[in-house]
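Have a look at the structure below before the remarks.
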Amino acid sequence: GDSVTQMEGPVTLSEEAFLTINCTYTATGYPSLFWYVQYPGEGLQLLLKATKADDKGSNKGFEATYRKETTSFHLEKGSVQVSDSAVYFCALSDRAGNTPLVFGKGTRLSVIA
Amino acid sequence: GAGVSQSPSNKVTEKGKDVELRCDPISGHTALYWYRQRLGQGLEFLIYFQGNSAPDKSGLPSDRFSAERTGESVSTLTIQRTQQEDSAVYLCASSLQESNTEAFFGQGTRLTVV
């Protein structure tokens, strides 16, 4: 079945460091890909998405490019802030395969000043 | 309301009791999901409703868990004979049918079994 694998955390970075959180997927169809974020004490919210190959999703300085050839959707940010400390989840949706929203295990990011 | 609403927000129950958790999705959203998130862990898929199709129950961990949905409206997740390992935050999300649309999450129900 469809699945998402993302890098294990926790990740600890200094402010203004470069961030990469790796995400790869397995899907039978042509899924849409998402990054969700869960800030401390808050619910999950969408960070960005991409719906087809080579699309780039972006929001709040974060970017991720849908790479069909490597089945990846890595999350990047050039300069992290303390306020980016959260848990990040990679996810896919493959309605053509009637697959519900499938999440990775999450990566906890801590940014220190 | 404008978002996904879950109730109760917190529930403490004694081991062996039944509990019922409620989710009100966003109006017009045909897809509804239940997930479980244990402390410090990722999201564990439980069940998925999509319109009039048969629900995908493949994630339900045991026959103590069941869920229903009334049309494209409210859903209830029932846990019978609760166990301590059922303690977790139960998250509900809803979305439109199309796969390229985002899912909107409720704030969750924090269940504690004592």
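When you go through B:VAL19, B:VAL12 one by one, which is the residue that is open to solvent by less than 40 Å² (accessible area, probe 1.4 Å), more than 11 Å from chain A (Cβ to nearest Cβ) and touching a strand residue (DSSP E or B) at 6+ places or on another chain (Cβ under 6 Å)?
B:VAL19
Consider A:ASP55 carefully, then state whether it is within 14 Å of chain B (Cβ to nearest Cβ) and acidic (Asp, Glu).
Answer is yes for this residue.
Report whether or not A:SER79 is within 30 Å of B:THR109 (Cα to Cα), more than 14 Å from chain B (Cβ to nearest Cβ) and polar (S, T, N, Q).
When the stated conditions are applied, A:SER79 does not pass them.
Consider the range B:100-114. How many of its residues are open to solvent by 50 Å² or more (accessible area, probe 1.4 Å), away from chain A (no Cβ under 12 Å) and assigned to a strand (DSSP E or B)?
Going through the range B:100-114 one residue at a time, the tally reaches 1.
Out of (1) surrounded by fewer than 16 Cβ atoms within 10 Å (Cβ to Cβ); (2) within 11 Å of the chain's Cα centre (by Cα); (3) without any contact (Cβ under 8 Å) to a residue 60 or more places away in the chain, what's the single condition that is false for B:GLY51?
Result: B:GLY51 passes all but (2).
Can you tell me which residue within the range A:1-32, out of those that are of a type in the set (A, V, I, L, M) and modelled with pLDDT under 95, is farthest from A:CYS90 (Cα to Cα)?
A:ALA27
Quick check on the range A:18-32. Is at least one of its residues assigned to a strand (DSSP E or B) and at the interface with chain B (Cβ under 8 Å from one of its Cβ atoms)?
Yes, some residue in the range A:18-32 is assigned to a strand (DSSP E or B) and at the interface with chain B (Cβ under 8 Å from one of its Cβ atoms).
Regarding B:GLY42, is this residue surrounded by 14 or more Cβ atoms within 10 Å (Cβ to Cβ), within 10 Å of another protein chain (Cβ to nearest Cβ), in a loop (DSSP other than H, G, I, E, B) and at pLDDT below 90?
yes
Any residue at all in the range B:63-71 that's among the hydroxyl-bearing types (Ser, Thr, Tyr) and either assigned to a loop (DSSP other than H, G, I, E, B) or free of Cβ contacts under 8 Å to residues at least 12 places away in the same chain (or both)?
Yes, some residue in the range B:63-71 is among the hydroxyl-bearing types (Ser, Thr, Tyr) and either assigned to a loop (DSSP other than H, G, I, E, B) or free of Cβ contacts under 8 Å to residues at least 12 places away in the same chain (or both).
Condition first: farther than 17 Å from B:GLY3 by Cα, open to solvent by 50 Å² or more (accessible area, probe 1.4 Å) and either among the hydrophobic types (A, V, I, L, M, F, W, C) or more than 10 Å from chain A (Cβ to nearest Cβ) (or both). Now tell me which residues in the range B:84-99 satisfy that.
B:GLN84, B:GLU85
State all residues of the range A:37-47 that are in contact with a strand residue (DSSP E or B) (Cβ under 8 Å, 6 or more places away or on another chain) and either surrounded by fewer than 21 Cβ atoms within 10 Å (Cβ to Cβ) or closer than 18 Å to A:VAL111 by Cβ (or both); if no residue qualifies, say none.
Those that are in contact with a strand residue (DSSP E or B) (Cβ under 8 Å, 6 or more places away or on another chain) and either surrounded by fewer than 21 Cβ atoms within 10 Å (Cβ to Cβ) or closer than 18 Å to A:VAL111 by Cβ (or both): A:VAL37, A:GLN38, A:TYR39, A:PRO40, A:GLY43, A:GLN45, A:LEU46, A:LEU47.
The values are calculated or read from the model by the stated rules, or taken from the named source; none is laboratory data. Note that the structure is a prediction, hence the values are computed from the model and not measured. Here the Cβ is made from the backbone with ideal geometry for all residues, glycine too, and neighbour counts use every protein chain on show. Protein only, heavy atoms only, side chains kept; ligands, DNA and RNA dropped before computing areas. Shrake-Rupley method; radii C 1.70, N 1.55, O 1.52, S 1.80 Å.
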